[in-house]
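Nothing in this text is a laboratory measurement; each read-out follows from the coordinates by a stated rule. None of the values given here were measured: they were computed from a predicted structure. Quick reminder, even Gly has a Cβ in these numbers, built from the backbone with ideal geometry, and neighbours come from all protein chains shown.
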Amino acid sequence: MSTTHDPDHRTAHVIGLERDEEDGTLLLRARCSECRKTVLHGAGTDLDAVQLGWRVGHCGCGDYELTDPHRVVPQRLRVLRREDASFREHLQVAAHRRRVEDAEEAHRRALAEARTLPPREARRLRREAAEVLDAVRAALPEAAE
Ligand SMILES: [Zn+2]
């Protein structure tokens, strides 16, 4: 639809796409082509479902179509996807570190408890605790839930 010169076809050009740090909402920042005011429009939380199109105007000019003549959205989506990926990776690494620390603590407790047990049970407890610790240490962070 190339009706950009139709005076009734108002547009607002996208100048930014950000994610609200608090609630994860995607925010499209645009500039009304008529009054040049900067407006913000929510765009859901899904990077794969960002939509432009008609919006109720936030500037007093009436409705306008959000358009992206400068290809801001695809460029920002690439950056946001990278940020999401590294954030998820960070969470996985942190969760793995916590599981290893928990397993080390459980291992220490088992060794202490083994000292109070008859030799055969002590050996079994130590072996089981060591196996659990090895398994947790060997697990990759990606295996995190
Ligand atoms: Zn306006």
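Annotations
- Residue-wise HN-Hα couplings along the range 130-138, as the Karplus relation 6.51 cos²θ - 1.76 cosθ + 1.60 with θ = phi - 60° gives them from phi, are 5, 5, 4, 4, 4, 5, 5, 5, 7 Hz; Gly and Pro carry x.
- Over the range 11-70, the pair-distance histogram of Cα-Cα distances with 5 Å bins from zero comes to 4, 21, 32, 23, 14, 6, 0 percent, rounded to whole numbers.
- Whole-Hz ³J(HN,Hα) from phi, Karplus 6.51 cos²θ - 1.76 cosθ + 1.60, for the range 39-51, glycine and proline x: 10, 10, 10, x, 9, x, 10, 9, 5, 8, 10, 6, 10
- Nearest 10 degrees, 0 to 90: helix 72-114 Cα axis against the chain principal axis: 10 degrees
- Kirkwood Rh and Cα Rg combined as Rg over Rh, evaluated for the chain: 1.40
- With neighbours defined as other Cβ atoms within 10 Å of a residue's Cβ, the residues Thr45, Thr11, Thr67 order from fewest to most as Thr45, Thr67, Thr11.
- Using the rule -39500 (n - 2.57) for each DSSP H run of four or more residues, divided by the residues of the chain, the 222 nm mean residue ellipticity is -16000 deg cm²/dmol.
- Shape index of the range 76-143: Rg/Rh, with Rg the Cα radius of gyration and Rh the Kirkwood radius from the inverse mean 1/r over Cα pairs, equals 1.29.
- Neighbour-count ranking [beta-carbon atoms within 10 angstrom, fewest first] of Cys59, Cys32: Cys59, Cys32
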